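What follows is a single structure, written as structure tokens, with notes after it.
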Amino acid sequence: MKQRTVIVCGKLFDGISDELFENVEIAIEDNLIVEVGKNLSRSAQTVVTDLSYLTVTPGMIDAHIHSDFISLSSENASGIAVQSVPWCLLGHLHTSQRSLERGFTTIRCHALGDPGYGIVAVKKAIEKGYFHGARIVAACHMLGTVGSHADFSQFVAGNPTLSDSCQGPGIGTGADFFREAVRREVKFGGDFIKLFMSGGFSTPNDGPEDQQLCDEEVEAIITTAKQLRKSTTAHVYAPPLMQKLIKMGITGMEHGAMMDEETAAMFEETDTYLVPTFCPYNEIIDLDEANLVKKPLFFQEKLRYYADRLKSGREIIVKSKIRLGYGTDFVAVHECYESWYEYQSWMRAGMDPFRTLKAATSVNAGILEMDDKIGTIEPGKLADIAGWRRDLLSDEDALRECDFVMKNGVVYETYKPNENEER
């Protein structure tokens with residue numbers, strides 16, 4: 001006989017409507033939602049969970065986490081070039097567990113420095129119930145060119161022998177290399193393919209407008225991934241490169257921080273998604289010198305140089321009708337599992353709170369190709385549920401403290417932040 005649980009909600013955001021419903025109940029049998037409504041039936045054996053003091057939502061989803069990037073900062077980025085497989089494996093598990101405690105029941109991980117496939121092992125171990133943790137959707141390695149933003153061995157380039165030995169499995173040159181790289185990613189358990197189209201801010205030898213994969217290499221990655229029925233996403237900033245990727249048939253993109261109106265229109269017309277990761281640029285958008293100086297000097301200099309374009313790009317993204325996903329991309333200042341900060345960033349940018357909540361639930365579920373299982377509270381979906389005490393529509397810190405979390409029908413303890421913690 002299936003165990004029936006009825007959750008009594010104070011308010012409910014279902015991941016679908018631009019509305020908070022009051023006095024609604026959710027019926028769960030084993031790990032599935034079976035009913036949503038008022039005054040649901042219950043027997044003497046029904047477990048009743050009273051969340052009438054909370055706003056209940058689908059479990060949140062962070063679509064851009066570097067789960068192996070722990071106990072590091074961009075000031076010591078060389079450390080990521082020499083991390084061991086066991087250390088990265090523990091990092092993936094640690095991030096997954098800390099994310100779940102904070103109400104994020106699913107995370108989409110972009111492995112940075114993992115020289116092996118530990119993220120796949122962690123994903124499978126969590127799925128089998130050996131460890132608790134957020135559900136993982138994984139890109140095992142970054143695909144990029146030698147010495148590019150994707151190549152963290154550049155941080156130890158002063159020792160060429162060491163640097164070459166630290167070069168990641170996804171770093172190479174030529175269309176044939178990248179065809180094989182995609183096939184290996186899929187062979188060993190990758191869920192999606194991540195390519196690095198451009199340079200970036202957090203590495204010293206490149207810039208966000210640089211094209212670092214040639215057209216033939218990009219086409220080889222996208223075409224091979226499509227043949228293997230895998231989606232592709234790209235690290236990219238500048239409009240000409242985003243437009244090129246759309247024309248090549250990329251599934252979606254990450255960052256896009258220097259968006260212009262012409263490119264935004266192309267995103268809208270093609271329904272190409274964007275995970276804009278606002279947080280890493282807040283220090284320059286808000287001119288937060290205290291946090292800005294925590295980044296290396298070259299990082300600060302690039303942020304200052306591109307400040308105006310980053311500000312206008314954010315305004316265009318907020319006003320657009322692009323299909324936006326919610327992701328954080330922390331590698332400095334904050335821990336990679338502190339996903340609530342992105343909510344703060346979207347609210348401060350003037351984003352509609354319902355659009356933000358949908359980005360972190362139903363839209364992200366679609367980006368992860370899991371919208372048949374998660375992202376909304378409706379019959380037939382997995383029982384991934386979170387509860388929040390703060391006002392989700394007006395409080396920019398609303399996701400800072402999760403009061404209830406259930407993943408796949410199982411309730412887990414939540415993390416309670418210390419009020420003295422930095423916000």
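The values are calculated or read from the model by the stated rules, or taken from the named source; none is laboratory data. If you're wondering where the values come from, they're calculated on a predicted model, not measured in any experiment. Here Cβ is always computed from backbone atoms with ideal geometry, including for glycine, and neighbour counts include all displayed protein chains.
What the table shows:
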quantity	calculated
Test: residue in segment 217-235 that is out of contact with any Phe, Trp or Tyr (no Cβ under 6 Å at 6 or more places or on another chain) and closer than 30 Å to D397 by Cβ	yes
Search result, residues across segment 101-118 that are more than 12 Å from the chain's Cα centre (by Cα) and modelled with pLDDT under 95	L112, G113, D114, P115, G116, Y117, G118
Residues (at pLDDT below 85 and of a type in the set (A, V, I, L, M, F, W, C)) located in segment 155-172	F155, V156, A157, L162, C166
Qualifying position, being among the aromatic types (F, W, Y) and surrounded by fewer than 16 Cβ atoms within 10 Å (Cβ to Cβ), among F196, F188, F201, F178	F188
Evaluation of G380 against (1) surrounded by 22 or more Cβ atoms within 10 Å (Cβ to Cβ); (2) within 22 Å of T105 (Cα to Cα) (one fails), failing number	(1)
Within segment 123-145, considering residues that are more than 16 Å from F188 (Cβ to Cβ) and among the aliphatic types (A, V, I, L, M), the one surrounded by the most Cβ atoms within 10 Å (Cβ to Cβ)	A134
Considering residues of segment 383-400 that are basic (K, R) and more than 21 Å from the chain's Cα centre (by Cα) only, the residue surrounded by the most Cβ atoms within 10 Å (Cβ to Cβ)	R390
First in segment 216-228 and farther than 20 Å from F188 by Cβ, second anywhere and in a helix (DSSP H, G or I), Cβ under 7 Å, 6 or more apart	E216/A175; E217/A175; E217/F178; V218/M248; E219/M248
Close pairs from segment 301-324: first more than 12 Å from I285 (Cα to Cα), partner aromatic (F, W, Y), Cβ under 6 Å, at least 6 apart	K302/F201; I322/F267; R323/Y273
Sole exception among (1) surrounded by fewer than 24 Cβ atoms within 10 Å (Cβ to Cβ); (2) under 15 Å from the mean Cα position of the chain (by Cα); (3) at positive phi for R98, by number	(3)
Residue within segment 207-220 that is within 26 Å of Y281 (Cβ to Cβ) and of a type in the set (D, E) present	yes
Residue check for A125: within 19 Å of the chain's Cα centre (by Cα), among the aliphatic types (A, V, I, L, M) and either at pLDDT 90 or above or closer than 29 Å to D371 by Cα (or both)	no
Qualifying position, being modelled with pLDDT under 95 and at negative phi, among A264, A307, A290	A290
Failed criterion for V120 (all others in (1) β-branched (V, I, T); (2) buried (at least 22 other Cβ atoms within 10 Å of the Cβ); (3) within 23 Å of G252 (Cβ to Cβ) hold)	(2)
Residue that is surrounded by the most Cβ atoms within 10 Å (Cβ to Cβ) [pool: residues in segment 332-376 that are among the β-branched types (V, I, T) and out of contact with any Leu (no Cβ under 7 Å at 6 or more places or on another chain)]	I367
Segment 240-264 residues that are farther than 15 Å from Q212 by Cβ, paired with ones that are of a type in the set (F, W, Y) and in a loop (DSSP other than H, G, I, E, B) (beta carbon under 6 Å, 6 or more apart)	A257/Y237; M258/Y237
Flag for E217 being surrounded by 16 or more Cβ atoms within 10 Å (Cβ to Cβ) and either in the same structural domain as R323 (by TED's automatic domain parsing) or outside any loop (DSSP other than H, G, I, E, B) (or both)	yes
Condition met for D176 (modelled with pLDDT of 95 or more and either under 29 Å from V122 (Cα atoms) or in the same structural domain as G116 (by TED's automatic domain parsing) (or both))	yes
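One line per residue, one yes/no per condition, for (1) touching a residue at least 24 places away in the same chain (Cβ under 8 Å); (2) in the same structural domain as A138 (by TED's automatic domain parsing); (3) closer than 29 Å to S231 by Cβ; (4) under 20 Å from the mean Cα position of the chain (by Cα):
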{"residue": "A360", "(1), (2), (3), (4)": "yes, yes, yes, yes"}
{"residue": "C402", "(1), (2), (3), (4)": "yes, no, yes, yes"}
{"residue": "M406", "(1), (2), (3), (4)": "yes, no, yes, yes"}
{"residue": "N418", "(1), (2), (3), (4)": "no, no, no, no"}
